[in-house]
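Inspection log for the structure reproduced underneath, given as structure tokens.
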Amino acid sequence: MGPVELFEAAAWRAVGLAENVGDEQLAGPTPCAQWDVRALLDHLRGGPAYLLAATGHDLDADASYRTVVAQCLAALRQPGALERRCMSPLGFEWSVGEAAAGTFMDQLVHSWDLAVATGQNRTLDPALVEACVAMFLPDMPERGRARGLVGPAVTVAADASVQDRLLAAMGRTP
């Protein structure tokens, strides 16, 4: 799968989880210590909003997470969209295709955070986890840690699942 397909699969799962969050859960804690569920949902919506802006499209500030993902996917599929350049959250320039891959990783990992916080199924798609590990470990978490965006790595057993290794590298206790 390419970056758009990876992002699409991770984002739609995250949208589904988000749509199952009750109002009474919004102030609840998440594995991301600095965010409650509401802030995590805002961050999840922010990923596709970032990509939409990177493709040169405007965002309707009132659009739902589902709508933003759909608009983002349409924009990413336009000719030449993935070759455009934009700034990464870590402060370097990259292509929109690379940004889509990075946003895939963010949506995937944060969907686990949301599932944990709201008592939903926390099992990630194994194919997406494998793709994420192949693309981002070990370098990305270290870059993120250097910028204060990723927590300290968590030690897991040598025989830990790929999902648990990914989550531990991203500072989560699986």
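Sort the following peptides by mean Cβ neighbour count (other Cβ atoms within 10 Å, averaged over residues), highest first: 67-75, 7-15.
7-15, 67-75
Given charges of +1 on the Cβ of Lys and Arg and -1 on the Cβ of Asp and Glu, with all other atoms neutral, how large is the dipole of the chain about its Cα centre, in debye to the nearest 20?
Charge dipole of the chain: 240 debye, to the nearest 20.
State, to one decimal in nm², a quarter of the convex hull surface area for the C-alpha atoms of segment 106-171, i.e. the direction-averaged projected area.
In nm², the orientation-averaged hull projection of segment 106-171 is 4.5.
Taking a quarter of the surface of the convex hull around the Cα atoms of segment 39-136, what do you get in nm²?
Computed as one quarter of the Cα hull surface, the answer is 6.7 nm².
Based only on the alpha carbon positions, what is the Kirkwood hydrodynamic radius of segment 1-44, in angstrom?
11.4 Å
Taking Cα centroids, how far is segment 6-50 from segment 119-163 in Å?
18 Å
Taking a probe of 1.4 Å, how large is the accessible area per residue of the chain, in Å²?
Normalised by residue count, the accessible surface of the chain is 49 Å².
How about segment 114-148: which trypsin sites (Lys or Arg not before Pro) there are in a DSSP loop, with at most 13 other Cβ atoms within 10 Å of their Cβ?
Answer in residue order: R147.
Considering only P79, P29, P138, give the residue with the highest GNM mean-square fluctuation for the chain, with springs between Cα atoms whenever their separation is below 10 Å.
Comparing P79, P29, P138 in the GNM, the peak value goes to P79.
Calculate what fraction, in whole %, of the accessible area of the chain sits on carbon and sulfur atoms when a 1.4 Å probe is rolled over the protein chains.
53 percent
Counting Lys and Arg as +1 and Asp and Glu as -1, what is the net charge of the other residues whose Cβ lies under 13 Å from the Cβ of M170?
My count for the surroundings of M170 gives -1.
Comparing G91, G56, G102, which has the greatest mean-square fluctuation in the GNM of the chain with Cα pairs linked when under 10 Å apart?
Maximum fluctuation in the GNM of the chain, among the listed residues, is at G91.
For the chain, what is Rg from Cα atoms divided by 2.2 N^0.38 Å, rounded to two decimals?
Its radius of gyration relative to the 2.2 N^0.38 Å reference: 0.99.
The values are calculated or read from the model by the stated rules, or taken from the named source; none is laboratory data. In this text the structure is predicted, and so the values were computed from the model without any measurement. Reconstructed Cβ throughout: ideal geometry from the backbone, glycine too, with neighbour counts over all protein chains shown. SASA here: full protein model, heavy atoms, side chains in, ligands and nucleic acids out. Shrake-Rupley method; radii C 1.70, N 1.55, O 1.52, S 1.80 Å.
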